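What follows is calculated from the coordinates using simple rules that are stated; it is not laboratory data. No experiment lies behind these values; they were computed from the predicted model shown. So basically every Cβ, Gly included, is an ideal-geometry build from the backbone, and we count neighbours across all protein chains shown.
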Amino acid sequence: MSDSPQVSSIATGTTTQSAAERFGVIERPTLEWTPQVAEETADLYEKVKDHIPKMEWPVYAPYVAAINRLKKERNAVILAHNYQTPEIYHCVADIVGDSLQLAKEATKVDAEIIIQCGVHFMAETSKLLNPHKTVLIPDMKAGCSLAESITGADVRLLRERYPGVPVVTYVNTSAEVKAETDICCTSSNAVQVVESFGVDKVLCIPDEYLAQNVAAQTKVKILTWKGHCEVHERFTAEELLAYKEADPEIEIVAHPECPREVVEIADYTGSTSGMINYVKDRKPPKVLLVTECSMASNISSEVPEVNFVKPCNLCPHMKRITLPKILDSLCEMKEEILVDPAIADRARLAVERMVNLKH
Ligand code: 13P
Ligand code: SF4
């Protein structure tokens, strides 16, 4: 590991310059397992030791040490979603949370640079809320099947078909789609957002299952779209009932992107942070988190008395984010999130309306 990576150029920055030109590129530090790295990362290893074998830590630790050092040097903050891998969630993230928490935290960030460890729509939301900050995502291809399921033109057609019906879009959408809608929602506030209009019919798009799960909790008639999360749509009621039958003590905790019949047999349904809080508060002896499987790994060390039953469904998009790519982001200032100014103001309004909603 080199003592201090060298800034090879410092840019003053104009809007037309790339992030690399504005901030300069830093040479990638040498990644070595030294006594200093071992000491610097010893406390962090304690948090992930159940998931990363001791003999593998010398591969991870130099990245963790380099990222944490460069974050300070760059005045950068790392926002990480609850589905990130344990070494990101516990060892390099400054703020972790569900989509709503990350969006709210993004409004309070002091740092000049935000590195979003999550998927593209999350980074785009951070950029909308921080138009003058630099927002980077370690892999631009980290998408989302829900965000891909609908376009701005689709929303315009829905408005023509249902004139006057308010449009609520799940935050898992592109800025182009957000720009066409009245307000955003996340899995933790969808019912409240839908009811905030005080009308009897609302379009809640694009997640069909989330919309059905919201409809079960409100008198408002919900119209929706046929988008699905490729991770949550794979869970079935039969699979979960088989776990329950094998061990009736198991509690089932599900995300509302799951099909209705899955949510119907769950003991609790909520956003990723809602699910985490449920487990931390109730400490069920055995629990099955019906969601992306890194989440159980991330919280298991904080609730050692809970046994996690893990049917492993991974989100391939979330898993594109890795320590080497985060380090490259910090060194090379890539990949920068930019939002077309023609849509940014309208999209920001939809996100801000949600963030500012009183609870
Ligand atoms: P949360 O807002 O509950 O974190 O969900 C985001 C997501 O993408 C779940 O698949
Ligand atoms: Fe999108 Fe599903 Fe991945 Fe969440 S888990 S980012 S909804 S594909």
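Overview of results
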{"quantity": "Test result for P138, in a loop (DSSP other than H, G, I, E, B) and away from ligand 2 (no atom under 16 Å from the Cβ)", "calculated": "no"}
{"quantity": "Residue within the stretch 208-221 that is over 30 Å from K283 (Cα atoms) and either assigned to a helix (DSSP H, G or I) or within 16 Å of ligand 1 (Cβ to nearest atom) (or both) present", "calculated": "yes"}
{"quantity": "Residue list for the stretch 265-311, filter: out of contact with any strand residue (DSSP E or B) (no Cβ under 9 Å at 6 or more places or on another chain), within 14 Å of T85 (Cβ to Cβ) and within 16 Å of ligand 1 (Cβ to nearest atom)", "calculated": "S294"}
{"quantity": "Qualifying residues in the stretch 312-345 (those that are within 16 Å of ligand 1 (Cβ to nearest atom) and surrounded by 14 or more Cβ atoms within 10 Å (Cβ to Cβ)) - the one farthest from L31 (Cα to Cα)", "calculated": "N313"}
{"quantity": "Any hit, the stretch 274-281, residues being closer than 25 Å to V119 by Cβ and small (G, A, S)", "calculated": "yes"}
{"quantity": "Residues satisfying the stated conditions in the stretch 320-359, i.e. among the small types (G, A, S) and in contact (Cβ under 8 Å) with a residue 24 or more places away in the chain", "calculated": "S329, A344, A347, A350"}
{"quantity": "Members of the stretch 179-207 found to be charged (D, E, K, R) and either assigned to a loop (DSSP other than H, G, I, E, B) or in contact with a strand residue (DSSP E or B) (Cβ under 6 Å, 6 or more places away or on another chain) (or both), listed by number", "calculated": "E180, D182, D200, K201, D207"}
{"quantity": "Pair list, Cβ < 8 Å and 6+ apart or interchain, from the stretch 198-215 residues that are among the hydroxyl-bearing types (S, T, Y) to residues that are away from ligand 1 (no atom under 16 Å from the Cβ) and outside any loop (DSSP other than H, G, I, E, B)", "calculated": "Y209/R260"}
{"quantity": "Test set (1) crowded, with 16+ Cβ neighbours inside 10 Å; (2) of a type in the set (D, E); (3) closer than 29 Å to G143 by Cβ; (4) away from ligand 2 (no atom under 13 Å from the Cβ) - E239 fails condition number", "calculated": "(1)"}
{"quantity": "Residue ID - farthest from ligand 1 (Cβ to nearest atom), chosen from residues in the stretch 69-124 that are in a helix (DSSP H, G or I) and touching a strand residue (DSSP E or B) at 6+ places or on another chain (Cβ under 6 Å)", "calculated": "R74"}
